[in-house]
Amino acid sequence: MKHMRTAVLLTTLAVSGAAVVHLALSGDAPARARDSQVVVASRAVHPPATSYSYVRLDNPPRTEVLDQNDKLVATLTDGARSTVLSGPIRTFTDPARTAAVIPTETWVRFTPQPWHAGDEKADWFRPWLTHALADTSADLLAVATQYVTGARFAFDADVADFLGQEWQQRNPRMDKLGRLDSAGYARLVYGYRMGYPGDAGGLPRSPAEIANAKLGTVIADKATGAASARFLAQPGDLLLFAVDGKATAVDHVGIYLGADDSGHPRFIACRGTPDGPTFGDVGGASVLDDNGPYAAGLRGIRRL
């Protein structure tokens with residue numbers, strides 16, 4: 001079937017135009033969270049389509065949106081709000097920790113409600129899609145990579161600690177100012193910055209609690225490092241790891257970014273080594289297809 005696509009969505013999508021767009025980092029990020037990185041888009045924003053077609057696929061159940069030229073522009077997964085969109089190409093870098101870069105035309109944004117089959121007919125969907133495809137403000141991937149400089153790691157450090165202000169009825173501890181643990185980082189990106197899951201209180205506080213929570217769509221569960229599971233991830237997915245010596249206990253979380261320039265599936269997480277958020281290779285490669293601790297420790301994938 002010509003519309004079949006792999007769930008990883010690593011195929012380069014053709015986008016017309018040749019304008020160069022420099023995207024400034026989002027102005028709503030705390031000052032200490034911003035880095036000097038500039039995300040560069042070398043192609044124009046996807047032009048509005050005159051019509052769309054919709055293809056249903058399985059494993060997981062999802063809807064692909066194609067424009068009038070049969071180009072894939074969006075993928076929406078049943079039960080999830082996280083949506084993969086085609087947009088201007090960008091390159092993410094973490095130069096202090098890896099020579100690998102992540103060039104991508106994938107953008108990740110949240111629909112206002114979980115997706116269900118047939119929602120393309122809902123009144124909210126077409127205006128949302130038109131806006132999302134034209135939006136060049138920081139998406140989830142850009143927000144996640146804004147913290148590769150400036151943020152540091154500390155055990156038991158949450159969003160309030162990082163910000164130095166109360167968040168979700170948690171008071172800051174000033175000795176942890178500017179610091180996060182892996183779950184705190186995920187809560188910062190998905191919750192504080194991207195507003196997921198809205199009024200429901202955000203992601204739970206610990207990796208184990210996140211693994212047990214009913215959030216979004218389960219893409220893989222109890223994967224035990226299975227090679228087949230890692231290729232189900234799409235950019236923006238929440239990854240669950242067991243890396244501290246207990247084979248089944250989830251103790252670490254990360255965010256899948258997509259394939260790097262060598263084709264390796266790469267993720268970002270806040271780690272003790274190298275002391276902060278990274279998709280680099282110091283203290284273990286941040287990839288899902290080698291023999292390292294993170295590839296072997298992958299336990300689950302959630303699409304929020």
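The values are calculated or read from the model by the stated rules, or taken from the named source; none is laboratory data. Values in this document were obtained by computation on a predicted structure and should not be read as measured data. Note: ideal-geometry Cβ built from the backbone for every residue, glycine included; neighbour counts use all protein chains shown.
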Subject >> the stretch 206-215: number of residues that are assigned to a loop (DSSP other than H, G, I, E, B) and at pLDDT 95 or above >> reply: 1
Original post:
Restricting attention to the stretch 150-163, which residues are farther than 28 Å from residue 91 by Cβ and surrounded by fewer than 20 Cβ atoms within 10 Å (Cβ to Cβ)?
Top reply: 155, 156, 163
**OP:** For residue 175, indicate whether it is in a loop (DSSP other than H, G, I, E, B) and either modelled with pLDDT under 95 or of a type in the set (D, E, K, R) (or both).
**Re:** no
Subject >> Looking only at the stretch 59-118, and only at residues there that are small (Gly, Ala, Ser) and not in a loop (DSSP other than H, G, I, E, B), the one that is nearest to the chain's Cα centre (by Cα) >> reply: 82
Subject >> From 93, 83, 130, 98, residue being crowded, with 22+ Cβ neighbours inside 10 Å and either within 20 Å of residue 183 (Cα to Cα) or of a type in the set (Ser, Thr, Tyr) (or both) >> reply: 83
Subject >> Failed item in (1) touching a residue at least 60 places away in the same chain (Cβ under 8 Å); (2) outside any strand (DSSP E or B); (3) touching a strand residue (DSSP E or B) at 6+ places or on another chain (Cβ under 7 Å); (4) buried (at least 18 other Cβ atoms within 10 Å of the Cβ), with residue 294 passing the rest >> reply: (1)
**OP:** Would you check which residues across the stretch 118-157 are charged (D, E, K, R) and closer than 25 Å to residue 52 by Cα and list them?
**Re:** 119, 120, 121, 123, 126, 135, 139
Subject >> Lone qualifier among 190, 147, 185 - being outside any helix (DSSP H, G or I), buried (at least 24 other Cβ atoms within 10 Å of the Cβ) and touching a residue at least 60 places away in the same chain (Cβ under 8 Å) >> reply: 147
